[in-house]
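Computed from the coordinates by the stated procedures, all read-outs in this text should not be read as laboratory data. Because the structure is predicted, anything quoted here is derived from the model rather than measured. Note that each Cβ is placed from the backbone with ideal geometry, even for glycine, and that neighbours are counted across all protein chains shown.
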Amino acid sequence: MNKGLRRWGLRLWAAILLGGQVIFHVVRGRIHYRNTMEQMAAAGPASLLIVSVASVFVGAVFTIQVAREFLRFGAVGVVGGVLALALVRELAPVLTAVLLAGRMGSAFAAEIGTMKVTEQIDALYVLRTDPVDYLVSPRVLACCLMTPILTLVFALVGMGGGLLVAMSSFGMTLNAFLDSVRGFLSVWDLATAMIKAFVFGGLVAIVGSSWGLTTTGGAKGVGESTTAAVVTTLLAIFVVNFVLSGLLFHGQGATVQF
């Protein structure tokens, strides 16, 4: 167990160093644009369906649970605002990142891990191609750019799902729902969602790529790296979300306007 924990710690440290390398290379303009566009297409448009379906049901279930409680206190009119705050501040960025971790992070670990155990990474070095520039940076840039967009889609579609439930099950009008959203939601809430999504996207790509680059042991090692990458990414998302929430919302007053 101690050996496994030590190996995990070393791989986590390697992921941190890889993140620093990516930032350094991107700042210097060492970007493979074709690979970046391909990864953006995989992380963005190809992920829209799963994000949209998940957000509809998340918004609908949240509305059912919240509205039935608020109904007891005669405050069903604030359901739209509460749903908007929950989606924008927490649910949309976190759940979008979780979906991408399962879809893209696992793919990154499997693809790069397979290249590692089949010595394709060594072949890149022979061809004087830096794997960070060719493989990692495009994935990091794609996830950092696409995750905020997917997060915005998640929030909008989720509010749409919540609106349908509020109107059909609790008799709430469209105007009342939208007025509640405007009263609760602020520009700062949207900004924090984009910041969180950007950071989470980077975590998904860096952890997945790093676990792929440190894969050993053939096909079995690829499977272990893929599983470990997803689990580590999820833990990182939850920890970093706590830190970001404390920093971004520290000292913030209420945005509710009645």
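For Leu248, what is the net charge nearby, where nearby means another residue's Cβ is under 10 Å from its Cβ and Lys, Arg count +1, Asp, Glu -1? Residues close to Leu248 contribute a combined charge of +1. More than 24 angstrom separation, counting every C-alpha pair in the chain; what % is that? Across the chain, Cα pairs with separations above 24 Å total 52 percent.
For the pair Ala191 and Leu124, label points projected 7 Å from Cα toward Cβ lie 3.7 nm apart.
For segment 119-254, with the dipole built from +1 on Lys and Arg beta-carbon atoms and -1 on Asp and Glu ones, taken about the Cα centre, which of Val231, Met167, Ile149 lies farthest toward the positive end? Of the listed residues, the answer is Met167. If R0 is 22 Å, what FRET efficiency do you get for Trp13 and Thr216 from their C-beta distance, rounded to 0.05? About 0.85, to the nearest 0.05. The dipole here belongs to the chain: it is taken about the Cα centre, uses +1 on the Cβ of Lys and Arg and -1 on the Cβ of Asp and Glu, and is about 400 debye. Label-to-label distance for Ile23 and Ile64 is 4.3 nm, based on points extended 7 Å past Cα in the beta-carbon direction.
If you take all other residues with their beta carbon under 12 Å from the beta carbon of Ile237, and give Lys and Arg +1 and Asp and Glu -1, the sum is 0. For segment 41-124, the spherically averaged projection of the C-alpha convex hull amounts to 7.0 nm². Taking other residues whose beta carbon is less than 15 angstrom from the beta carbon of Leu18, and scoring Lys, Arg as +1 and Asp, Glu as -1, yields +2.
Within straight-line reach of Lys220, meaning a Cα separation under 30 Å, sit the following lysines at least 8 residues removed in sequence or on another chain: Lys3, Lys116. Please express the shape of segment 34-80 as an equivalent ellipsoid: the semi-axes are the square roots of 5 times the eigenvalues of the C-alpha gyration tensor, given largest first in whole angstrom. For segment 34-80, the ellipsoid semi-axes come out as 38, 9, 5 Å. Across 10 Å bins from the origin, how do the percents of Cα pairs in segment 166-211 run, short distances first? Result returned by the calculation: 22, 26, 23, 19, 9, 0. To the nearest ten degrees, helix 137-170 and the longest principal axis of the Cα atoms of the chain are 20 degrees apart. Working ranking of peptides 43-53, 198-208 by packing, defined as the average number of other Cβ atoms within 10 Å per residue, highest first, is 198-208, 43-53. Diffusion of segment 108-230 by Stokes-Einstein, at 37 °C in a medium of 0.692 mPa s and with Rh set to the Kirkwood radius over alpha-carbon pairs, works out to 191 µm²/s. When its C-alpha radius of gyration is set against 2.2 N^0.38 Å (N residues), segment 15-160 gives a value of 1.35.
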